[in-house]
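Okay, so here's the structure we're looking at.
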Amino acid sequence: MAGLPVELGVQTLLLAALVAAAVAMLVAKYLTATKASKGPTFLIAGPQGAGKTALFTLLRYGRKAPTVTSVQTNSTAQLELPGLPGTRLVLHDTAGHPKLRQRLYDLVDVLQPAESLLGVVFVVDASAMARPEAAHAAAQYLYDILALTERRRGGASVLVAANKAELFTAVPAKRLRSLLEDEITKIARTKARAVSGVERSALGAAADDDDAPALWAGAPGAPFRFEVLESEVTALSGSVETGKIEPWVRWMEERVVQ
Ligand SMILES: Nc1nc2c(ncn2[C@@H]2O[C@H](COP(=O)(O)OP(=O)(O)OP(=O)(O)O)[C@@H](O)[C@H]2O)c(=O)[nH]1
Ligand SMILES: [Mg+2]
């Protein structure tokens, strides 16, 4: 009995900490919502080292600058595209590290219902895509983004920006697009197998601890194609290094005037 007040004290402290954490999360979400939902917005996403911050700098400031790997989102509300002078757009460059992707998912979550998401520029290092593990990792991230955007009617516009095209090992955009489709087919099959494994399991234990929504469950054996999605996925080659980004800029301009 003598220990009761101490126990109660610990419980109260724990409860207070939980409430404080919940309030902090709500405030963070609210700030994201109010800050992010203002104005037509493009998001830059993609694996680490793809050239996202390099592209953000070139788009925003019109010049190249050295970059380091991002741990935070770079944002501007002053993006002006060359073909649309006077039109101010919002641009967020998110970090590619797998542990830092939640920020991108939160932005999609807030911007899509607010109808202020003009498009997602998914930057990929095209010169790394000949390596199967790099292609698989890129496809996994793209899968997760599309699984999110497909939850709303109409989906989203997604540009696969095949960057570093000036390097001789770079996979061309068209090839990259089908490479990503092949990898997404494999990812979807693995997920489907995990789900049916759960159904067969006598114990009913969850074999798939990944609670992300499924993107696609086509006919068994059928390959995944981007055309089946509501989201529109376009792949175009370019190079931030040589400044050859006009195809991507034109794609963005088309999304603004649409
Ligand atoms: N060869 C070549 N290198 C590029 C190109 N674009 C960017 N880079 C280089 O790629 C490296 C990574 O670029 P970042 O812009 O920092 O990559 P990021 O996608 O922002 O990476 P994270 O912030 O870690 O997610 C830098 O050394 C860039 O100079 C390109 O078109 N060609
Ligand atoms: Mg970066």
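The values are calculated or read from the model by the stated rules, or taken from the named source; none is laboratory data. Nothing here was measured: the structure is a model prediction, and the numbers come from that model. Virtual Cβ from ideal backbone geometry, glycine too; neighbours counted across all protein chains shown.
Counting only residues that are within 16 Å of ligand 1 (Cβ to nearest atom) and surrounded by fewer than 20 Cβ atoms within 10 Å (Cβ to Cβ), region 93-113 holds 8 of them. Of everything in region 114-139 that is within 15 Å of ligand 1 (Cβ to nearest atom) and not small (Gly, Ala, Ser), the residue that is farthest from residue 168 (Cα to Cα) is 120. Taking first residues from region 39-55 that are farther than 16 Å from residue 245 by Cβ and partners that are within 13 Å of ligand 1 (Cβ to nearest atom) and assigned to a helix (DSSP H, G or I), the Cβ contacts under 7 Å between residues at least 6 apart in sequence or on separate chains come to 43/104; 45/104; 47/137; 47/138; 47/141. Answer yes if at least one residue in region 32-39 is over 20 Å from residue 162 (Cβ atoms), among the small types (Gly, Ala, Ser) and at pLDDT 95 or above, and no otherwise. Checked region 32-39: no residue is over 20 Å from residue 162 (Cβ atoms), among the small types (Gly, Ala, Ser) and at pLDDT 95 or above. Anything in region 101-138 that is aromatic (Phe, Trp, Tyr), within 14 Å of residue 176 (Cβ to Cβ) and in a helix (DSSP H, G or I)? List them, or say none. Those that are aromatic (Phe, Trp, Tyr), within 14 Å of residue 176 (Cβ to Cβ) and in a helix (DSSP H, G or I): none in region 101-138.
Across region 129-140, what is the number of residues that are in contact (Cβ under 8 Å) with a residue 60 or more places away in the chain and surrounded by fewer than 21 Cβ atoms within 10 Å (Cβ to Cβ)? Walk me through how you get there before you give the answer.
Initially, region 129-140 is screened for residues in contact (Cβ under 8 Å) with a residue 60 or more places away in the chain, giving 134, 137-138.
Retained after the next criterion (residues that are surrounded by fewer than 21 Cβ atoms within 10 Å (Cβ to Cβ)): 134, 137.
So the answer is 2.
Going through 58, 89, 84, 79 one at a time, which residue ends up being in contact (Cβ under 8 Å) with a residue 60 or more places away in the chain, in contact with a Leu (Cβ under 6 Å, 6 or more places away or on another chain) and not hydroxyl-bearing (Ser, Thr, Tyr)?
On the way: 58 fails: in contact with a Leu (Cβ under 6 Å, 6 or more places away or on another chain); 84 fails: in contact with a Leu (Cβ under 6 Å, 6 or more places away or on another chain); 79 fails: in contact (Cβ under 8 Å) with a residue 60 or more places away in the chain.
Unique residue meeting the criteria: 89.
Considered as a group, the residues in region 139-185 that are among the charged types (D, E, K, R) and assigned to a helix (DSSP H, G or I) include one that is nearest to residue 107 (Cα to Cα), and that residue is 144. Taken over region 42-70, the residue count meeting the criterion of being more than 8 Å from ligand 1 (Cβ to nearest atom), part of a loop (DSSP other than H, G, I, E, B) and under 15 Å from the mean Cα position of the chain (by Cα) is 0.
Does residue 188 fit the bill of being buried (at least 17 other Cβ atoms within 10 Å of the Cβ) and in contact with a Lys or Arg (Cβ under 9 Å, 6 or more places away or on another chain)? Judged against the criteria, residue 188 is not a match. If you go through region 71-100 and pick out every residue that is within 16 Å of ligand 2 (Cβ to nearest atom) and either over 17 Å from residue 142 (Cβ atoms) or assigned to a strand (DSSP E or B) (or both), you end up with 10.
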